[in-house]
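A short reminder: the numbers here are calculations on the coordinates, not readings from a lab. Just so you know, these numbers come straight off a predicted model, no measurement behind them. Note: ideal-geometry Cβ built from the backbone for every residue, glycine included; neighbour counts use all protein chains shown.
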Amino acid sequence: VPEDQADKLLLASWGLPQAVLETYQSLGVVQMFEWQAECLMLGQVLEGKNLVYSAPTSAGKTLVAELLILKRVLETRKKALLILPFVSVAKEKKRYLQ
């Protein structure tokens, strides 16, 4: 992340509602890793263009997907489909995203 865009590491700089920020904060998440912010700033990803990225298990891939989904749903008022690999993860995300 360029030095002049270091604020992009903070979740609060992405235009999310306060309730969403508070939920992330309650989970201990207030900022992203540099690679996560870079993913969100690539090309026209925030406008709905495709993004393919790879990272090790527990690296934070889900946060990138959640932020993209939340921003698009809130800005366009359209529905989103989130596909998860396990029922337990799906239940956790359902409860969390509600």
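Between region 18-32 and region 69-87, the C-alpha centres lie 18 angstrom from each other.
With the convex hull drawn around the C-alpha atoms of region 48-91, the volume per residue stands at 89 Å³. Note on residue 88/residue 6: beta-carbon distance plugged into 1/(1 + (r/R0)^6) with R0 of 30 Å gives a FRET efficiency of 0.25. In the chain, inverting the average of 1/r over every pair of distinct C-alpha atoms gives 14.3 Å as the Kirkwood radius. Normalised by the number of residues in region 3-97, the average gap of Cα pairs under 8 Å and 6 or more apart makes the relative contact order 20 percent. Pairs of Lys residues in region 3-97 that lie 8 or more places apart, or on two chains, and have C-alpha atoms under 21 angstrom apart add up to 20. Could you state the angle between the C-alpha long axis of helix 87-97 and the longest principal axis of the C-alpha atoms of the chain, as a value from 0 to 90 degrees rounded to the nearest 10? So the inclination is approximately 60 degrees.
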